[in-house]
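Written below as structure tokens is the structure these notes are about.
The values are calculated or read from the model by the stated rules, or taken from the named source; none is laboratory data. Not measured: the values here are computed from a predicted model. Here the Cβ positions follow ideal geometry from the backbone for every residue, glycine too, while neighbour counts run over all protein chains shown.
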Amino acid sequence: MCLRGFPPGTPVSLHQCVVSEWLLVSVCVCVLALRWTANLTRVTLPSVDDELEIKAYYAGHVLGAAMVHIKVGSESVVYTGDYNMTPDRHLGAAWIDKCRPDILISESTYATTIRDSKRCRERDFLKKVHESIERGGKVLIPVFALGRAQELCILLETFWERMNLKAPIYFSTGLTEKANHYYKLFITWTNQKIRKTFVQRNMFEFKHIKAFDRSYADNPGPMVVFATPGMLHAGQSLQIFKKWAGNEKNMVIMPGYCVQGTIGHKILNGQRKLEMEGRATLDVKLQVEYMSFSAHADAKGIMQLIRMAEPRNMVLVHGEAVKMEFLKGKIEQEFNCYMPANGETVTVTTNPSVPVDISLNLLKREMALGGPLPDPKKPRTMHGTLIMKENLVSSEQALKELGLNEHQLRFTCRVQLQDPHSDPDTLHRIYTHLKSVLKGYTIQHLPDGTVMVESIVIKVSSSAEDPNTKVLLLSWSYQVKLSSSESILP
């Protein structure tokens, strides 16, 4: 089994895998399955055929996120995408059974990070927001539209209700507003606590949080604003940051990962003078805080998922090279692990199992010897002789012995031509012409009103709009090579 490498530190697309066809099909079908699944832990999809099995597992992270397990024959791959092993205020934790895939492809965004208590982080977050509001400052929280925005909105909504605070909270319109709409719509995809309170109150119908208008940024007094994107590299969050950066009463709280080179990454590394567009310099006087509320699994969560699934081989993607290398060393204490570079192909040796029929007499003999009953979870050695047919048989005979029907795939196309003659006359003229130009081919004019050239079938019918327009339907099971000087039609 081969996999193409992914660039460390960059998001990974499914189509970058050599096994991409199965992955893309799986994800599309799994999304459809998840759409109709209310209380999802695992979804087994209808079999495509006897050789292909697809399962989707709950991934946490964001609403509707799923990990995909694809099994083709005896070989299998699990592709995690983004996942979170820690339950939060609106989603449950990712889960997978002991499926023992040949390859587990896992993200490694936080390959060396082990987060502290989530409750402590929430308490610190609320404390800092409250302190900033009390001294008349404004708080900017850059978020991405889906996931952390809803998590932190629920946290602040609950705190505002409990403390009876009056300072306005806004979220930027656009993607976040649309995302909130879908959270309301698919409330059954959230965790048990949200679903239980849904009858009394939908937690995503916020009482204290209103839609943001860009003119509000200049309003006097304290406020809290959730704005996208989460790395301060563009958009409304960057525009608000520019306006508020010069006031030391204000605060920006970065709740997630920031890629190197973004404004978010620069201010988290202590940079206080930023070079903006047009060589303008921005002095950063507001307070800068980092509190990780990311919905990606940390190093402990990644190891937890690996031990759950017990893969034969691990492939790390979606992370920073140095950190991935450290995690790879930890994983290799228990499992084989690969960390392919961009464009690199990894060849993983698998041990496919070959299913065979076992005779009843052999089973009875083993039972008579006092052996344990057959158990798929506890394999044991059984001695016997495997008999295989030595003679080569035709495909027709093999299909007959296996009780299978033969299927033929045919290709079709339509060709139009102008001819005032009747349909049978047109077909006869085509037959005569083909006989004259295709000397080395078998050409037949059949009684059912068709012409056959080898495996190609030609039928003629008149157009309903114009009887002089003939529609030729050509159907073939494989392509016959013709020289450039040969033409089918006169």
- Note on the structure: Going through the range 63-78 in order, the residues found to be under 12 Å from the mean Cα position of the chain (by Cα) and either among the small types (Gly, Ala, Ser) or not in a strand (DSSP E or B) (or both) are GLY64, ALA65, ALA66
- Message: Step by step: first the residues of the range 92-118, then only those that are out of contact with any helix residue (DSSP H, G or I) (no Cβ under 8 Å at 6 or more places or on another chain) and not charged (D, E, K, R), then the one that is nearest to GLN304 (Cα to Cα). Which residue is that?
- Response: ALA93
- Note on the structure: When restricted to LEU140, LEU152, the only residue in contact with a Leu (Cβ under 9 Å, 6 or more places away or on another chain) and in the same structural domain as ASN247 (by TED's automatic domain parsing) is LEU140
- Query: PRO101 passes all but one of (1) part of a loop (DSSP other than H, G, I, E, B); (2) at pLDDT 90 or above; (3) farther than 16 Å from VAL348 by Cα; (4) not hydroxyl-bearing (Ser, Thr, Tyr); which number fails?
  - Reply: (3)
- Query: Does ILE133 fit the bill of being touching a strand residue (DSSP E or B) at 6+ places or on another chain (Cβ under 9 Å) and either of a type in the set (A, V, I, L, M, F, W, C) or over 28 Å from ILE331 (Cβ atoms) (or both)?
  - Reply: yes
- Candidate set from the range 240-279 (those that are among the small types (Gly, Ala, Ser) and more than 28 Å from TYR110 (Cα to Cα)); member that is surrounded by the most Cβ atoms within 10 Å (Cβ to Cβ): ALA245
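Results for (1) among the small types (Gly, Ala, Ser); (2) out of contact with any helix residue (DSSP H, G or I) (no Cβ under 8 Å at 6 or more places or on another chain), shown as yes or no for each residue.
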| residue | (1), (2) |
| --- | --- |
| ALA280 | yes, yes |
| LEU286 | no, no |
| PHE293 | no, no |
| ALA299 | yes, no |
| MET308 | no, yes |
| MET314 | no, no |
| HIS318 | no, yes |
| GLU325 | no, yes |
| LYS328 | no, yes |
- Query: Within the range 450-469, is even one residue polar (S, T, N, Q), closer than 17 Å to HIS421 by Cα and not in a strand (DSSP E or B)?
  - Reply: yes
- Task: With respect to PHE326, determine if the residue is among the aromatic types (Phe, Trp, Tyr), surrounded by fewer than 21 Cβ atoms within 10 Å (Cβ to Cβ) and out of contact with any strand residue (DSSP E or B) (no Cβ under 8 Å at 6 or more places or on another chain).
- Result: yes
- Task: Using the structure shown, decide if LYS330 is in contact with a Gly (Cβ under 6 Å, 6 or more places away or on another chain) and either assigned to a helix (DSSP H, G or I) or free of Cβ contacts under 8 Å to residues at least 60 places away in the same chain (or both).
- Result: no
- Any idea which of GLY261, GLY256 is without any contact (Cβ under 8 Å) to a residue 60 or more places away in the chain and not in a strand (DSSP E or B)? GLY261
- Message: Yes or no: the range 286-294 includes at least one residue that is modelled with pLDDT of 90 or more, closer than 25 Å to SER132 by Cα and not in a strand (DSSP E or B).
- Response: yes
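Conditions tested, residue by residue: (1) among the hydrophobic types (A, V, I, L, M, F, W, C); (2) in contact with an Asp or Glu (Cβ under 8 Å, 6 or more places away or on another chain); (3) at pLDDT 85 or above.
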residue: ARG414; (1), (2), (3): no, no, yes
residue: HIS445; (1), (2), (3): no, no, yes
residue: ASP448; (1), (2), (3): no, no, yes
residue: ALA464; (1), (2), (3): yes, no, no
residue: ASN468; (1), (2), (3): no, yes, yes
- State which residue pairs qualify: first residue within 30 Å of LEU155 (Cα to Cα) and inside the range 273-291, second residue among the hydroxyl-bearing types (Ser, Thr, Tyr) in any location, beta carbons under 8 Å apart, and separation of 6 or more residues or different chains. GLN287/SER132
- Message: I'm told ASP88 meets every condition in (1) farther than 27 Å from GLU332 by Cα; (2) outside any loop (DSSP other than H, G, I, E, B) except one. Can you identify the failing condition by its number?
- Response: (2)
